[in-house]
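Every number in this text was worked out from the coordinates using simple rules, so none of it is lab data. Here the structure is a predicted model, which means the values were calculated and not measured. Don't worry about glycine lacking a Cβ; one is built from the backbone with ideal geometry, like all the others, and counts go over all protein chains shown.
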Amino acid sequence: TYDGAREVLRQWWQGRLGDVEQPHVDNGSGLSRDARLTAQALARMLQGAWASPVMPELLASLPISGVDGTLRRSQSRPGTAHLKTGSLRDVMAIAGYVHASSGRRYVLVAIVNHASAGAARPVLDSLVDWTARDH
């Protein structure tokens, strides 16, 4: 049931992330306007995922900037990030990991909620590049 699935997610979230604000899940598809998750909560989840035993599989499942998947046409420097994109009408988002020139890895989450969200793609690409140049 939806309620049972929400309870399992709540327990999973609490067990791994503690007091981090929980997501509000509507139907689980990721395409609901009623689903909610803060950028901070998503970033904390990604930090935890990096430290998990399944990190290599997660990283391999994410598109690479300028190389493949939904990031194939990204204007950020190719290969600098593994990110999941998301979009709905009036929403554009990216979340994942940026591989900086210093050798550090950064969690990056950016969510744009605006009638002109589609115009934010160049800004998001610039954010990825800025993060990658952490000198």
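What's the exposure ranking of 64, 94, 111, going from fewest to most Cβ atoms within 10 Å? Working shown, then result.
On the way: 64 20, 94 28, 111 17.
Final ranking by Cβ density, sparse to dense: 111, 64, 94.
Only sites in a loop by DSSP and with at most 13 other Cβ atoms within 10 Å count here; which chymotrypsin sites (Phe, Trp or Tyr not before Pro) in the stretch 33-135 make the cut? All intermediate terms of the calculation are to be shown ahead of the outcome.
Numbers: sites: 50, 97, 106, 130; in loops: none.
Here no chymotrypsin sites (Phe, Trp or Tyr not before Pro) fit, given the DSSP loop and packing criteria.
Report, to the nearest 10°, how far helix 121-132 tilts away from the longest principal axis of the Cα atoms in the chain, using its own Cα long axis and a range of 0 to 90°.
With rounding to tens, the tilt is 80 degrees.
If we count other beta carbons within 10 Å of each Cβ, what is the order of 24, 82, fewest first? Don't jump to the answer; show the numbers that get you there.
Values: 24 11, 82 22.
So the residues, fewest neighbours to most, are 24, 82.
So how tilted is helix 39-50 from the main axis of the chain? Cα-based, degrees 0 to 90, rounded to 10.
Helix 39-50 sits roughly 80 degrees off the main axis of the chain.
May I ask you to list the trypsin sites (Lys or Arg not before Pro) in the stretch 37-135 that are in a DSSP loop and have at most 15 other Cβ atoms within 10 Å of their Cβ?
Passing both the DSSP loop test and the Cβ count: 72, 73, 89, 104, 133.
Could you tell me which of 101, 128, 32 has its Cα farthest along the dipole of the chain towards the positive end, charges placed at Cβ (Lys, Arg +1; Asp, Glu -1), taken about the Cα centre?
The residue sitting farthest along the positive end of the dipole is 101.
Skipping prolines and chain starts, which residues have an amide H placed within reach, meaning under 5 Å, of the one on residue 81, given they are 5 or more residues away or on another chain?
Under 5 Å from the amide H of residue 81 lie the amide H atoms of 65, 99, each far enough along the sequence or on another chain.
Scan [x] -0.28; [y] -0.32; [z] -0.23 for the value of log10 I(q)/I(0) by the Debye sum over Cα atoms at q = 0.09 Å⁻¹ calculated from this model and give just the label.
Among [x] -0.28; [y] -0.32; [z] -0.23, the one calculated here is [x].
May I ask you to derive the relative contact order of the chain, considering only C-alpha pairs under 8 Å and at least 6 residues apart, and to give it as an integer percent?
Value for the chain: 16 percent.
Just want the ordering: 80, 85, 1, from fewest to most Cβ atoms lying within 10 Å of their own Cβ.
Ordered by Cβ neighbours within 10 Å, fewest first: 1, 85, 80.
How large is the charge dipole for the stretch 1-92, taken about the Cα centre, if only the Cβ atoms of Lys, Arg (+1) and Asp, Glu (-1) carry charge, to the nearest 20 debye?
Roughly 340 debye for the stretch 1-92.
Run a plain Debye calculation on the stretch 83-123 (Cα atoms as equal point scatterers, no solvent) and give log10 I(q)/I(0) at q = 0.25, 0.29, 0.34 Å⁻¹, rounded to two decimals, same order as the q list.
Taken in order of the listed q values, log10 I(q)/I(0) reads -0.79, -0.93, -1.10.
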